[in-house]
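Heads up: the structure comes next, in structure tokens.
The values are calculated or read from the model by the stated rules, or taken from the named source; none is laboratory data. Predicted model, so just to flag it, every value in this text is computed and none were measured. Virtual Cβ from ideal backbone geometry, glycine too; neighbours counted across all protein chains shown. Calculation scope for accessible area: heavy atoms of the full protein, side chains included, ligands and nucleic acids excluded. Shrake-Rupley method; radii C 1.70, N 1.55, O 1.52, S 1.80 Å.
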Amino acid sequence: MTPVVELEGVCKDFGAYRALDGVSLSVRPGESVGLLGPNGAGKTTLIHIMLGLITPSAGRVRLFGLEMPAQRRMILGKLNFSSAYVQMPLSLTPRQNLRVFAGLYGVADPGRKIDELLERVELSEMADRPTRALSSGQLSRLNLAKAMLNDPQLLLLDEPTASMDPDIADKTRNLLKRIQSEKGIALLYTSHNMREIEAMARPAWAHWVRPAR
Ligand SMILES: Nc1ncnc2c1ncn2[C@@H]1O[C@H](COP(=O)(O)OP(=O)(O)O)[C@@H](O)[C@H]1O
Ligand SMILES: [Mg+2]
């Protein structure tokens, strides 16, 4: 089976500073893989390389058997991304925000899809209130619904539970695990928290990212 992610010897230099030094890993369809490392280890840089937002200084990046950056458009249609640092307009309702992204992604029958996802992330009751009324846990679930709109085969999650209370973080991890097993989506997510990686990934598939010195 073609891996959803294949990285070979990926390096990234910012000027004289080497942020990533030869990262190789692969993720198979439906697999859950955690990238564990302290702040500054290069986790976000690696996610941005997989999204084609940053060009690596060396190495090969293939997703779904397609080459980044040459086949970026096709790749981006098959994955999605969620980060605590992505903001949606707070004056729109969750339903309106999802409509905007559904339009961008070209989702067929968006109304039905949005209803299904709002239900899935337990936000149906908040769907028509301003997004600013959502708690941080609800906001992250809205981000997750956004990331599911295009039925991705791979979800890239950058610190999905950062800045959450422990109980909300637990709830979010459980939701992610349910979505992964129901839909067979591969998850690649980052964390600086060993316990989180233990809760989410099979230990053999936690990759340790060190700050390059
Ligand atoms: N655009 C950039 N220019 C210069 N240095 C950068 C840039 N982006 C990241 N870095 C540096 O690369 C290292 C890795 O950063 P980052 O990927 O954000 O780490 P993490 O997400 O693991 O906390 C850090 O030392 C950071 O300061
Ligand atoms: Mg980061």
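Among the conditions (1) in contact with a Gly (Cβ under 9 Å, 6 or more places away or on another chain); (2) within 16 Å of ligand 2 (Cβ to nearest atom); (3) open to solvent by 60 Å² or more (accessible area, probe 1.4 Å); (4) not aromatic (F, W, Y), P69 misses just one, which is (2). Filtered by the rule that a residue be surrounded by 17 or more Cβ atoms within 10 Å (Cβ to Cβ) and of a type outside the set (A, V, I, L, M, F, W, C), the range 118-131 gives R120, T131.
Scan the range 14-47 for residues that are open to solvent by 50 Å² or more (accessible area, probe 1.4 Å), part of a strand (DSSP E or B) and not hydrophobic (A, V, I, L, M, F, W, C) and jot them down. Scanning the range 14-47 gives Y17, R18, D21, S24.
Residues that are open to solvent by 60 Å² or more (accessible area, probe 1.4 Å) and in a helix (DSSP H, G or I) within the range 87-102 comprise R95, Q96, R99, V100, listed in sequence order.
The set of residues in the range 88-105 that are touching a residue at least 24 places away in the same chain (Cβ under 8 Å) and among the small types (G, A, S) comprises S91, A102. Any chance the range 53-60 includes a residue that's part of a loop (DSSP other than H, G, I, E, B), within 16 Å of ligand 1 (Cβ to nearest atom), at pLDDT below 95 and over 17 Å from the mean Cα position of the chain (by Cα)? Checking the range 53-60: not a single residue is part of a loop (DSSP other than H, G, I, E, B), within 16 Å of ligand 1 (Cβ to nearest atom), at pLDDT below 95 and over 17 Å from the mean Cα position of the chain (by Cα). Can you run down the residue pairs with Cβ atoms below 8 Å, 6 or more apart or on separate chains, where the first is in the range 178-195 and polar (S, T, N, Q) and the partner is assigned to a helix (DSSP H, G or I) and open to solvent by 30 Å² or more (accessible area, probe 1.4 Å)? Close Cβ pairs (under 8 Å, with a partner that is assigned to a helix (DSSP H, G or I) and open to solvent by 30 Å² or more (accessible area, probe 1.4 Å)) amount to T190/T44.
For first residues located in the range 109-125 and without any contact (Cβ under 8 Å) to a residue 60 or more places away in the chain, partners that are open to solvent by 90 Å² or more (accessible area, probe 1.4 Å) and lie 6+ apart or on another chain with Cβ distances below 7 Å form the pairs P110/R99; I114/R99. Residues considered: D115, D158, D170. Of these, the only one that is open to solvent by 40 Å² or more (accessible area, probe 1.4 Å) and at pLDDT below 95 is D170.
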